[in-house]
Each structure stands twice: as structure tokens, then as C-alpha cells.
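Take a look at the structure below.
The values are calculated or read from the model by the stated rules, or taken from the named source; none is laboratory data. All values reported here derive from a predicted model rather than from experimental measurement. Here the Cβ is made from the backbone with ideal geometry for all residues, glycine too, and neighbour counts use every protein chain on show. Areas reflect the complete protein model, heavy atoms only, side chains present, ligands, DNA and RNA absent. Shrake-Rupley method; radii C 1.70, N 1.55, O 1.52, S 1.80 Å.
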Amino acid sequence: SNITLFTLLLIVSLTFHKFYILTFLLVLLFIILAVILHTLFMSLLSLIAVKIQRLRGFMFVVEMIVGFVSGSLITLNLFSTQTQTIFYFLPFQYMRYFPAIIFLDKTTSMQIIFGLISSVVWIVVLYFLFKFFYKRSLKSFEALGG
């Protein structure tokens with residue numbers, strides 16, 4: 001997953017790419033933020049598992065949608081400018097696409113600052129959503145057996 005991606009980026013950057021320590025540190029920072037975002041998002045979705053019986057299909061659909069809007073299945077720069085703007089405000093591209101374009105040096109300083117602020121805001125939002133729904137799911141939890 002993200003740790004494998006980080007290791008691969010390190011090997012590639014040391015072998016084939018011009019190695020800039022600032023770029024490497026930015027990629028590392030955004031990979032850490034991506035791991036936190038992905039963990040919070042999946043944790044929030046796991047709370048839905050309490051209510052859904054056919055979870056495998058639901059999670060497959062969610063992973064496909066996330067892969068699509070995060071730039072994993074199709075690179076986001078192939079979409080129209082309007083669609084890219086919508087994706088830019090969603091948390092998903094910061095989970096996968098954004099660290100890659102920083103590594104490839106395809107971003108401006110303003111995009112990096114906006115991405116950093118957006119990632120942190122989404123982490124806070126997802127954290128509070130998780131906290132809220134976690135408390136609600138504990139109230140409705142029923143255990144069977146002894």
C-alpha cells in the first residue's frame with residue numbers, strides 16, 4: 001500500500017530521478033497524510049458495516065469509486081477542468097494522486113500549500129465524523145452470544 005509506494009519512490013528517486021531532498025520530504029509528508037486520510041476514511045466506512053449485511057460488495061464499489069476519483073484508475077489530468085476542480089476539493093486525490101505528482105514535480109508551490117491545508121482539513125473533518133458516528137454506533141450495537 002502506501003508504505004510500498006514510499007519504498008518504491010525512494011528506490012526510483014535514488015536510481016532514475018534527480019534526487020532533491022525537499023521533494024523527497026514533501027512526498028514523505030504527503031504519504032503520511034495519505035495514510036492518515038485513508039485510515040480515517042476506511043474506519044468511517046467500517047462503522048457502516050454494523051448496518052450492512054452484504055459488506056463485500058459495498059466495499060468493492062466504494063474502493064472502485066475511490067480509485068476513480070483519487071486518480072488511481074485514471075489520471076486526474078485527463079478529466080475536464082471542471083471535473084478536476086471538483087476532485088481537487090475532495091480528500092481522495094490526496095490519498096494517492098497528489099504524492100505522485102509532487103514526486104514528478106508537476107505541482108506549483110501554491111498547489112502544494114493548498115494540498116497540505118486541504119489534507120489537514122479533511123483529516124480533522126473525517127476524525128470528527130468518525131468520532132460522532134462511533135458514539136452513535138456504540139449505542140445501537142447489539143452483541144449476540146455469551
### Task
Any chance you could count how many residues in segment 101-146 are at pLDDT below 85 and under 15 Å from the mean Cα position of the chain (by Cα)?
0
### Query
Which condition number does L45 fail, the rest of (1) more than 30 Å from I11 (Cα to Cα); (2) open to solvent by 50 Å² or more (accessible area, probe 1.4 Å) being met?
(2)
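Condition check ((1) modelled with pLDDT under 85; (2) in contact with a helix residue (DSSP H, G or I) (Cβ under 9 Å, 6 or more places away or on another chain); (3) among the β-branched types (V, I, T)) across all residues:
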| position | (1), (2), (3) |
| --- | --- |
| H17 | yes, yes, no |
| T23 | yes, yes, yes |
| L29 | no, yes, no |
| R54 | yes, no, no |
| I74 | yes, yes, yes |
| Y88 | yes, yes, no |
| P99 | no, yes, no |
### Task
Inspect segment 124-131 for any residue being surrounded by 18 or more Cβ atoms within 10 Å (Cβ to Cβ), farther than 18 Å from L47 by Cβ and not basic (K, R) and give the result as yes or no.
no
